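Some notes on the structure that comes next.
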2 protein chains.
Amino acid sequence: MNPLKNSFLNDFKSMSENGATPGGGVDRQAATVADGQNRNWFRGLVEGHGFTVRYDAVGNQYSLLELVPGAPWIAVGSHLDSQPLGGRFDGAYGVLAGAHAALRVKERIEQAAKTAGIPQFNIVVINWFNEEGCRFKPSMMGSSVYTGKIPADQVLETMDPAGITVREALESIGTIGDFELSVAAYVEIHIEQGRSMEDRGLNIGLVESTWGANKYEFVVHGDQAHTGATVIADRQDALLGASALVVAAREIALEHSTDEHMVITSCGEFNVFPNSPVVVASRVNLLVDVRSTDPDVLAKADADLHARVAKIEKMANVRIERGAEHAWGAKAYDQAGLELAARSAEALGLSYGVVRTLAGHDSTNMKDIVPTIMLFVPSVEGISHNERELTNDEDMLAGVDLLTEVLTRVVRGEFVSAQGQEAIALSSSASAVAG
Amino acid sequence: MNPLKNSFLNDFKSMSENGATPGGGVDRQAATVADGQNRNWFRGLVEGHGFTVRYDAVGNQYSLLELVPGAPWIAVGSHLDSQPLGGRFDGAYGVLAGAHAALRVKERIEQAAKTAGIPQFNIVVINWFNEEGCRFKPSMMGSSVYTGKIPADQVLETMDPAGITVREALESIGTIGDFELSVAAYVEIHIEQGRSMEDRGLNIGLVESTWGANKYEFVVHGDQAHTGATVIADRQDALLGASALVVAAREIALEHSTDEHMVITSCGEFNVFPNSPVVVASRVNLLVDVRSTDPDVLAKADADLHARVAKIEKMANVRIERGAEHAWGAKAYDQAGLELAARSAEALGLSYGVVRTLAGHDSTNMKDIVPTIMLFVPSVEGISHNERELTNDEDMLAGVDLLTEVLTRVVRGEFVSAQGQEAIALSSSASAVAG
């Protein structure tokens, strides 16, 4: 067996022990003890291979591999945090693949400078803080700060349900600093988390665009009452209103999806107060999101959601408040990056196709400030955010091979130029890096 | 002002400080520190007036007032535990009213034996453990054990969401013992928790019957998935199934209620797993109850509920498991007790009427083993299980007056006979008292 391939799978297996759950998944929610253990394991691993590790003000972890002293940086990354009872692959695969690909690029350069070409960039592997957004909201937190979408101070004061702030949590696991770095381009590899690649028999997905997504926090206000003694006419049942909203969201997905453009709606968090067996709920906080590949379809579905909110308020005799919202438009990745990735896959003989990402990723943020390439490997049966999440070994290894090839080409200047791009990246990210 | 009346209101005000919440209510969930503080406050109060206090194996608190040494016992009671953010009146009013009424009966006997008649019974004020059923399920726990409906051992091993058993919780507040007592009859006064008495302008409600109630714990089983990346067709969304069940329950109440017989449905507890913003729920546990004044209407509504469960399973692609259930039939209280209470209200010049109770009470259990009288005082706007729950001072005092009159008559043998009833009560409750 190729010792390099064996080493990736060994490292992946070892990493999966950090925060392992009995059901075969991991629970490494952002800045928990398990996340801290994994971050330190990863730091040890890459420092052993010559990387230097630093943290920025919101806990993004930078593993720096210098190839050309003084040259600008290419970033490759993803996230090591997970959902509660999440899978081993989501995010974590991409970070480890980034480190292995970076080392293989370095080896290529050292062993056969002619094949690899003359490097024009250094490589930084970034583990973005809190991509998942389960313990601290919103998701993609670290990359949102890096790209200037959310101020660092706001993130640091954000509290989890127990009242612990991001700052306190990061300090408690010792993974916070003041490092800052501009990068010239970004590359990410991730599991698909859907089944389209499996259905099409692809090894590699080249991500063409993100879906648009509107995410809302609704607060349904009712009035606390006795479930037995209060007649129906007197009830202001927050749970009924919130439940009707969940049912309406599904109806919207079914009614607004077209053959060309799918609509997906979801509610993942739903908290009832006071949640006692014999009490009519006074309040429910819930998150609803609406996604589509097409901005017009998304806008129509969104308008329908808000029209239904008004009807539900009357039906359940409640008041529905729209709280925090978080939206991103359907946006394309760089065409030049898609073409570079396609050439790389062809060179390696991998079957590839163009896909869209339904889920948000750190690259969703990064593509707004620097040229970005996003790659997928398949998920068995599309299962994700689940302990049974699986990507086969051969698919993981093919992804590392492809990432190595893509990074080699990017480092030798096929994607962005070290001269021109450096200036562009520095000026755009100088304003973007908050704090 | 009548010093006795003043004393009741003073005591009620003082009691309401135990477990007081900022919103003007109380939080004294069963066997919490606040419930323990209140139980000890009540013990101190009644011991100061000559009662003896004992606890049975499941924490029911007996305050014994001996009038005739060796005579059988009449019980008067309710419960001191509350909902989270509950009102000050629910249950607590009845226990304190029982103690004050018992003392006034004793005073009447001592001061004017002729008016009060010769007593044939002693009086025990019972504070039933965990009527509310919020921390430990099911509700009416203490009286269910006393009346032989649930074994004491099962109750003692029941755990709260933190894994603490009833036995551990009761031992931690020191309110558990091995006392046992048979009683010949039971009297309870409680707030209505509905608005029918206020609407009719009544001071006093004489409870004719309970509503029938079927309570179910449903577990909706789905499969954990990514809210963004998983297409609708692949989802097994437990939250969607549970929400549809909440909406269906309301539809059932509206469709099955008739002019004669109302149907009330509720869902008070609803727990989502894993409840993360970007995860399709794998499981929801929820409680649904269906109540009606008529057994046939209840049976039809209940059948409709289960038919809809099957449809929801298909719609949401989930499996719905019916877990624990807990039911009681629509049952009448003793006609003789209703008549005695009506005569008592007339003697005091109080406006009264016959009502039904929608909510379950400890008397719902007690009436199945001994002759039982259930009395109501009004609730302002019918608000209950809410910090704004209110019964006006004059209504509370009228209730204590009536309870005193009713107890006086029961104690002198107008409801049950000390000879005949003693034997009946002993034999029926001997088998009923578990452990």
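Just so it is clear, none of the values below were taken in a lab; they were calculated from the coordinates. Predicted model only: the values in this text are computed from it and were never measured. Positions of Cβ are generated from backbone atoms using ideal geometry, with glycine treated the same way; all protein chains shown enter the neighbour counts.
Given Cα pairs under 8 Å that are at least 6 residues apart, what percent is the relative contact order of the stretch B:194-348?
Worked out over the stretch B:194-348, it gives 38 percent.
If I take the Cα coordinates of the stretch B:1-153 and project them onto the principal axes, what are the three extents in Å, biggest first?
On the principal axes, the stretch B:1-153 reaches 47, 41, 19 Å in Cα extent.
Pull up all non-local amide H partners of residue A:373: gap of 5 or more, or a different chain, and H-to-H distance under 5 Å with H placed in the peptide plane.
Answer set, sorted by chain and number: A:186, A:187, A:188.
Against the globular-protein guess of 2.2 N^0.38 Å, express the Cα radius of gyration of the protein assembly as shown as a ratio, rounded to two decimals. Walk me through the intermediate numbers first.
Details: Rg = 33.6 Å, N = 870, 2.2 N^0.38 = 28.8 Å.
Cα Rg divided by the expected 2.2 N^0.38 Å: 1.17.
Below 29 Å, Cα to Cα, which lysines can residue A:367 reach? Residues fewer than 8 away in the same chain don't count.
Within the straight-line cut-off, residue A:367 pairs with A:106, A:137, A:149, A:215, A:300, A:331.
What ranking do B:164, B:189, B:252 get, fewest neighbouring Cβ atoms within 10 angstrom at the top? Spell out each step's value before the answer.
Values: B:164 15, B:189 30, B:252 23.
Arranged by neighbour count, lowest to highest, B:164, B:189, B:252 become B:164, B:252, B:189.
Using only DSSP helix segments of four residues or longer, with each worth -39500 (n - 2.57), what per-residue ellipticity at 222 nm results for chain A after dividing by its residue count and rounding to 500? Mind dumping the intermediate values first?
Working: 14 runs with 170 residues, N = 435.
Mean residue ellipticity at 222 nm (helix-derived): -12000 deg cm²/dmol.
Might you report the magnitude of the Cβ-based charge dipole of the stretch B:1-92 about its Cα centre, with Lys and Arg at +1 and Asp and Glu at -1, to the nearest 20 debye?
Details: 7 positive and 9 negative charges, 31 e Å.
The dipole magnitude comes to about 140 debye.
Decide, for the stretch B:212-328, between rounded, prolate and oblate: order the square roots of the alpha carbon gyration tensor eigenvalues as a ≥ b ≥ c, take rounded if a/c falls under 1.5, and otherwise choose prolate if a/b is larger than b/c, else oblate. Write out the running numbers ahead of the final one.
Working: a/c = 2.77, a/b = 2.27, b/c = 1.22.
Note, shape of the stretch B:212-328 comes out prolate.
If one computes the Cα centroid of the stretch A:376-417 and of the stretch B:109-188, what distance in Å separates the two points?
Cα centres, the stretch A:376-417 to the stretch B:109-188: 64 Å.
Rounded to whole Å, give me the distance from the Cα center of the stretch A:38-63 to that of the stretch B:10-78.
Rounded to whole Å, the Cα centres lie 60 Å apart.
Where the centroid of each part is defined by its Cα atoms, how far is the stretch A:330-373 from the stretch A:217-255 in Å?
If you average the Cα positions of each part, the centres end up 42 Å apart.
Would you mind putting A:406-412, B:33-39 in packing order, based on average other-beta-carbon counts within 10 Å, highest first?
Working: A:406-412: 23.3, B:33-39: 21.0.
For the peptides A:406-412, B:33-39, the packing ranking is A:406-412, B:33-39.
With only alpha-carbon pairs counted, each pair once and no self-pairs, how large is the Kirkwood hydrodynamic radius of chain A in angstroms? Mind showing how you got there, number by number?
Working: mean 1/r = 0.0440 Å⁻¹.
The answer is 22.7 Å.
Of the options A:286, A:146, A:417, report the single residue whose Cα projects farthest towards the positive end of the charge dipole of chain A (beta-carbon charges: Lys, Arg +1; Asp, Glu -1).
After comparing all options, I get A:417.
Give a residue-ordered list of calculated ³J(HN,Hα) values for the stretch B:142-159 (Karplus: 6.51 cos²θ - 1.76 cosθ + 1.60, θ = phi - 60°; whole Hz; x for Gly, Pro).
x, 6, 5, 5, 4, 8, x, 8, 9, x, 4, 4, 5, 5, 5, 8, 5, 10
What ranking do B:372, B:165 get, fewest neighbouring Cβ atoms within 10 angstrom at the top?
B:165, B:372
Quick one: order A:367, B:13 by neighbouring beta-carbon count within 10 Å, fewest to most.
Details: A:367 24, B:13 10.
In order of increasing Cβ crowding within 10 Å: B:13, A:367.
Please give the average number of partner chain Cβ atoms lying within 10 Å of the Cβ of each residue in A:373-385, rounded to a whole number.
Average per residue, whole number: 3.
Averaging sequence separations of C-alpha pairs under 8 Å and six or more residues apart, then dividing by the length of the stretch A:45-86, give the relative contact order as a whole percent.
Numbers: 21 pairs, mean separation 10.4, N = 42.
Contact order relative to length: 25 percent.
Normalised by the number of residues in chain B, what is the relative contact order in percent for Cα pairs under 8 Å and 6+ residues apart? Please report the intermediate quantities before stating the final value.
On the way: 981 pairs, mean separation 103.4, N = 435.
Across chain B, relative contact order equals 24 percent.
Whole number please: convex hull volume per residue, Cα atoms of the stretch B:268-381, in Å³. Write out the running numbers ahead of the final one.
Numbers: hull volume 18.8 nm³, N = 114.
Per residue, the Cα convex hull of the stretch B:268-381 comes to 165 Å³.
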